[in-house]
Amino acid sequence: MEAGSHRACSRAIMAYMMISFSTIRRETTARTDILDITPDVQGCVEKSGVRNGLVTVGVAGSTASVTTIEYESGVVEDLRRAIERIAPVQLAYEHDERWGDGNGYSHVRAALLGPSVSVPCRDGRLVLGTWQQIVLCDFDNRSRRRDVYVQIMGE
């Protein structure tokens, strides 16, 4: 490779890069609500015009998470139970002592799962396993209106 040819290649790639940003709004219920948002995210990909790239799905807020799972009632209940074992509602949380809002457990749960996931897209479709869906997990102790952010980068 000749000196400087890498720079020219990078510029050529960047000329075709598209970036799209969308918001999905979902109503949630209290205490570990798990919602399949895969069709909504796929809709954002289709609307973006990006055929091949990376889709990042995230939620703003410290009491919710985005992850992937097989969205089937048994597995969803297994996840709820596992989360309850890891960060039980009834434990004493310093957050609750300080703020008195009773949702310390929800902050811990969200921190463990994280606020976002990134999934490739190929030929305008999310690249997910046969039984894999993208889910919004809301751990707060009250119903919420959540905005899920979808950023798509690619060509």
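The values are calculated or read from the model by the stated rules, or taken from the named source; none is laboratory data. Note that the structure is predicted; figures quoted are calculated from it, not measured. Note that we place each Cβ from the backbone using ideal geometry, even for glycine, and neighbour counts take in every protein chain shown.
Being in contact with a helix residue (DSSP H, G or I) (Cβ under 8 Å, 6 or more places away or on another chain) and either exposed (fewer than 14 other Cβ atoms within 10 Å of the Cβ) or not hydroxyl-bearing (S, T, Y) (or both) holds for only one residue in A87, A60, and it is A87.
In the stretch 117-134 there is no residue that is buried (at least 19 other Cβ atoms within 10 Å of the Cβ), out of contact with any helix residue (DSSP H, G or I) (no Cβ under 9 Å at 6 or more places or on another chain) and within 18 Å of T28 (Cα to Cα). Quickly run through the stretch 142-155 and pick out the residues that are touching a Lys or Arg at 6+ places or on another chain (Cβ under 6 Å) and loosely packed, with under 15 Cβ neighbours inside 10 Å. Hit for the stretch 142-155 is D147, nothing else.
Hey, can you tell me all the residues within the stretch 103-136 that are of a type in the set (F, W, Y) and outside any helix (DSSP H, G or I)?
Listed by number, the list holds a single entry, W131.
Considering only the stretch 67-77, I want to know if a residue exists there that is more than 22 Å from V41 (Cβ to Cβ) and either modelled with pLDDT under 95 or not hydroxyl-bearing (S, T, Y) (or both). Looking through the stretch 67-77, at least one residue is more than 22 Å from V41 (Cβ to Cβ) and either modelled with pLDDT under 95 or not hydroxyl-bearing (S, T, Y) (or both). When restricted to residues that are in contact (Cβ under 8 Å) with a residue 24 or more places away in the chain and in a loop (DSSP other than H, G, I, E, B), the stretch 81-102 contains 4. Take the conditions (1) at pLDDT 95 or above; (2) outside any helix (DSSP H, G or I); (3) hydrophobic (A, V, I, L, M, F, W, C); A3 misses just one of them, which is (1).
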